[in-house]
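The values are calculated or read from the model by the stated rules, or taken from the named source; none is laboratory data. What you are looking at is a predicted structure, and each value in this text was computed from that prediction instead of being measured. Quick reminder, even Gly has a Cβ in these numbers, built from the backbone with ideal geometry, and neighbours come from all protein chains shown. Areas reflect the complete protein model, heavy atoms only, side chains present, ligands, DNA and RNA absent. Shrake-Rupley method; radii C 1.70, N 1.55, O 1.52, S 1.80 Å.
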Amino acid sequence: MEKMDEFFTARVDGYDEHMLNEVDGCREAYGEMSKLVPENTKNLLDLGCGTGLELEAIFKRFPDISVTGIDLTKAMLDKLEEKYRGKNITLIQGDYFRTDLGQNRFDTAISFQTMHHFSHEMKIGLYRKICDSLKSGGVYIECDYMVETQAEEEYWYAENVRIRREQNILENGFYHYDTPCTIENQIKMFKAAGFLNAEKVYRMENTTIIIAKKD
């Protein structure tokens, strides 16, 4: 296992090509996500924004949108900033679990292929923060790697625990290892975090989009 920020720093130069051409469903999902952003969105939160691939189609629809992007990896944020010079973007290098997201601040929040590294408990806590940060009626759109069966989910979580023990890595330390959840469990987590409803709206291979709405 590699530390999360070191993993992505080492791969930043080939990241865009990898996501667009080697991860099934992602190229299409960037466009699909942009279509799901509500028309009234003026303030957007992007968690784990990386190099901002998901923002290209969003800026085409909303050229004047205000974006707050959070990511652990400075090299990724530097790439994003270079791509979108002149856009209304505030970038935060840091851990979105610890970053203050505010209250009733954003119309829409998004994340793309970043949440499949964390436990249920960690994600529910983060989803509560996201829900609180949204205005009434706001939505959170998550695109992520999700599996179909509970057996698959349990296998990857068990492997994560085994490898961490072998390498003496803290249980919740930020290391790169995929622990995808089932779509059913993801929806349960959103509801446990206080979202009014959540539904799957896109899936190609394991790339899946769920949209969750705040009351």
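Quick look at the numbers
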read-out: GluC sites (Glu not before Pro) restricted to the stretch 14-61 and DSSP loop, no more than 10 other C-beta within 10 Å; value: GLU22, GLU39
read-out: Relative contact order (%) - criterion: Cα under 8 Å, at least six apart; region: the stretch 154-215; value: 22 percent
read-out: Whole-Hz ³J(HN,Hα) from phi, Karplus 6.51 cos²θ - 1.76 cosθ + 1.60, for the stretch 87-95, glycine and proline x; value: 7, 7, 10, 10, 10, 10, 8, x, 8
read-out: Karplus (6.51, -1.76, 1.60) ³J(HN,Hα), θ = phi - 60°, over the stretch 60-68, in Hz, Gly and Pro reported as x; value: 5, 7, 10, x, 9, 5, 9, 10, 10
read-out: Long-range amide H partners of ILE110 with built H, under 5 Å; value: LEU45, ASP46, LEU47, ILE141
read-out: Pairs beyond 25 Å (Cα-Cα), from LYS83/LYS123; LYS35/LYS83; LYS74/LYS135; LYS87/LYS191; LYS83/LYS200; LYS74/LYS123; value: LYS83/LYS123; LYS74/LYS135; LYS87/LYS191; LYS83/LYS200
read-out: Computed over the chain: relative contact order in percent, which uses C-alpha pairs under 8 Å that are six or more apart; value: 22 percent
read-out: Within the accessible area of the stretch 23-171 (1.4 Å probe), percent carbon and sulfur; value: 46 percent
read-out: The stretch 121-181 and the stretch 1-61: distance between their alpha carbon centers, rounded to Å; value: 18 Å
read-out: Mean Cα-pair separation over length for the stretch 80-205, i.e. relative contact order, pairs under 8 Å, 6 or more apart, %; value: 28 percent
read-out: Top of MET204, MET115, MET146 by mean-square fluctuation, Gaussian network on the chain, Cα under 10 Å; value: MET204
read-out: Selection from PRO38, HIS18, GLY52 lying farthest towards where the dipole of the stretch 5-64 points positive, charges on Cβ; value: PRO38
read-out: About the Cα centre, charge dipole magnitude for the stretch 11-161 (Lys/Arg +1, Asp/Glu -1 at Cβ), debye; value: 860 debye
read-out: Residues of the stretch 60-170: accessible area per residue with a 1.4 Å probe, Å²; value: 50 Å²
